[in-house]
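Notes follow the structure.
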Amino acid sequence: QFIFANMNLKSLLAKPFAGYIYNRVKKGMETALSDQEAIFKSLIKTGKSTEFGKNHEFASINNYEDFKAKVPVRDYEQLRPYIEKIKQGQHNILWKGKPIYFAKTSGTTSGTKYIPITKDSIPNHINTARDALMCYMAQSGNTAFAKGKMIFLSGSPELTRVGGIATGRLSGIVNHHVPRYLRSNQLPSYETNCIEEWETKLDKIVEETFNEDMSLISGIPPWMQMYFDRLMEKSGKKVGELFPNFSVMVQGGVNFEPYKTKLEASIGRKVDCIELFPASEGFFAFQDQVNKPGLLLNTNSGIFFEFIPAAEAMNDAPTRLSLKDVKEGENYALIISSNAGLWAYNIGDTVKFISTNPYRIVVTGRIKHYISAFGEHVIGEEVEYAMMNAASSNNVNVIEFTVAPMVQQGEGKSYHEWFVEAENLPADIHEFAMQIDNSLREKNTYYDDLINGNILQPLRLRFIRKNGFIDYMKSVGKLGGQNKLPRLSNDRKIADALSEYLLD
């Protein structure tokens, strides 16, 4: 879902244009709160004339407190009745007129979701990645990558129509907004991008890019890794040697850190990395500083943000905060209202502010991806921290992992079961497991109390054979595209299926 459109090739190569965008982004940092206030007022004003706005008395909303009182937080299921009306061809339901697209996503609980994209919201999707690249250019001085070929590992650009509205994957929709003059730089070909079967598509992508001058590669980290593996198999070379001008890697969709070591080893040298936070519902944040952590919140791009303390995310009446009241270091569920006609919509991700001047976040996980089988409420950020700590001190190259609870019936205490695929096993597996467990206890006091109180026993490791996770994703029809393996599950569905892929 990485979007590099509206880039006039001449201006792309020109540092002045990058400088202009970078200065605009910096200026936006200072006006974040007033921009949010202006967006809020503008959304309510347009929303008044919609069916949703009438049902929720927008005419009597004068401030954020009124909005919270009139408009409850919703997920897709609760918004579905309005979406169904749009699909039947009705106008002025969630936003004025009709959406120009539906971005189709496979929800974990809702089946297929149809997320509206309107004429007003499309610039948010198109311009944010441009801004990220321009900030990178202005700071690094690297404009040479614009001369080479760029690849975007994404879903098919083929669109169907639902209720007269063009419908497809977000990455496919955006593909139609890449201007002609950039297409000569863009790979893979349109035909290859349309291949649905991921492995066939990947082979074709390798074939098309193998002898090209690749300078920018973007995608979700696990799928970039698959691409790199195929390139190395075919060439016998590291990716950085195969593509000497490859200098920028753009990624998002999952936390990059657990994949970083392996990706860098596959490249064989350092390349600059730009992280993005896009979703079908909007492009929320992007890395504005070269090789520094944190993503700048997109505060002036048609989206009004709210934040719910993560511990209250499932409550009926949670605390709702606007941007001015957030604190650094707290975990929040991200709620958005936007000019796509989404209102107090819970996107399902959790974020944490690492700075409030300017407003920079890190994505900490998914609300529904946690383990609390015993009241511990362990989240993605915590298990990733624990794994990375142990992996780096034991020189273990972890490829992928996921965690599930093992609830013991009868004899024996319950525990967390970690399924890990690694290039090499630790010298002492027991010591490795204890290091992970201790790091998790350090991060999560509830988990620590359960171990101390002898309610849980320490975690157990299960090692997965080579490509086991890829084979599992293939078996459930979720290989490639924007599909991601959940880092945590509160049940045994994935864990039980993985027993087939264990290392002998």
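Taking a ≥ b ≥ c as the square roots of the eigenvalues of the Cα gyration tensor, the range 239-368 is prolate, since a/c reaches 1.5 or more and a/b is larger than b/c.
Gain on full extension, evaluated as 0.36 nm per residue between GLU196 and LYS26 minus their Cα-Cα distance, stands at 57.2 nm.
Rounded to 0.05, the FRET efficiency of the GLU208 and ASN315 pair, given R0 = 51 Å and the Cβ-Cβ distance, is 0.55. For the chain, DSSP calls about 65 percent of its internal beta bridges antiparallel.
Charge dipole of the range 397-445 (Cα centre as origin; +1 on each Lys and Arg Cβ, -1 on each Asp and Glu Cβ, all else neutral): 260 debye, rounded to the nearest 20. Treating each Cα of the range 319-442 as an identical point scatterer and summing with the Debye formula, the log10 of I(q)/I(0) at q = 0.21 Å⁻¹ comes to -1.22. Cross-linked pairs LYS85/LYS113; LYS85/LYS368; LYS149/LYS260: Cα-Cα separations exceed 18 Å for LYS85/LYS368; LYS149/LYS260. Under 18 Å of direct C-alpha separation, and excluding same-chain neighbours fewer than eight residues apart, LYS413 reaches no lysines at all. In the chain, the calculated helix contribution to ellipticity at 222 nm averages -11000 deg cm²/dmol per residue, counting -39,500 (n - 2.57) for every DSSP H run with n ≥ 4.
Between ARG465 and GLU257, the C-beta separation translates, for a Förster distance of 30 Å, into a calculated FRET efficiency of about 0.80. Remark on TYR345: its backbone amide H falls under 5 Å from those of ARG74, ILE336, SER337, a criterion applied only to residues 5 or more positions apart or on other chains, H modelled at 1.01 Å from N. Taken about its Cα centre, the chain carries a charge dipole of roughly 1960 debye when the Cβ of each Lys and Arg holds +1 and the Cβ of each Asp and Glu holds -1. With Cα atoms defining each centre, the range 247-311 and the range 165-243 are spaced 19 Å apart in the structure. Run the Debye formula on the Cα coordinates of the chain, all scatterers equal and no solvent, and tell me log10 I(q)/I(0) at q = 0.10, 0.11, 0.13 1/Å. Debye curve over Cα of the chain, log10 I(q)/I(0) at q = 0.10, 0.11, 0.13 Å⁻¹: -0.82, -1.00, -1.39.
Across q = 0.12 Å⁻¹, the range 63-138 modelled as identical point scatterers on its alpha-carbon atoms has Debye log10 I(q)/I(0) values of -0.50, in the order of the q list. Less than 5 angstrom separates the built amide H of ILE464 from those of VAL420, GLU421, ALA422, LEU503, all sequence-distant by 5 or more or on a different chain.
Farthest towards the positive end of the charge dipole of the range 410-504, among the residues LEU456, TRP418, HIS430, is the Cα of TRP418, using unit charges on the Cβ of Lys, Arg, Asp and Glu. As an exercise, use a Förster radius of 45 Å and the Cβ-Cβ distance of GLU77 and THR445 to find the FRET efficiency, rounded to the nearest 0.05. Here the calculated transfer efficiency is 0.85. The 3J(HN,Hα) values that the Karplus relation (6.51, -1.76, 1.60; θ = phi - 60°) gives for the range 288-297 are, in residue order, 9, 10, 5, 6, 10, x, x, 10, 6, 5 Hz. Gly and Pro appear as x. Scanning residues 5 or more positions from GLY365 or on other chains, those with amide H under 5 Å from its amide H are THR350, with H placed 1.01 Å from N in the peptide plane. Taking all protein chains as they are arranged and a probe of 1.4 Å, the heavy atoms of LYS26 leave approximately 80 Å² accessible to solvent.
The values are calculated or read from the model by the stated rules, or taken from the named source; none is laboratory data. Values in this document were obtained by computation on a predicted structure and should not be read as measured data. Cβ atoms come from the backbone with ideal geometry, glycine included; neighbour counts cover every protein chain shown. Protein only, heavy atoms only, side chains kept; ligands, DNA and RNA dropped before computing areas. Shrake-Rupley method; radii C 1.70, N 1.55, O 1.52, S 1.80 Å.
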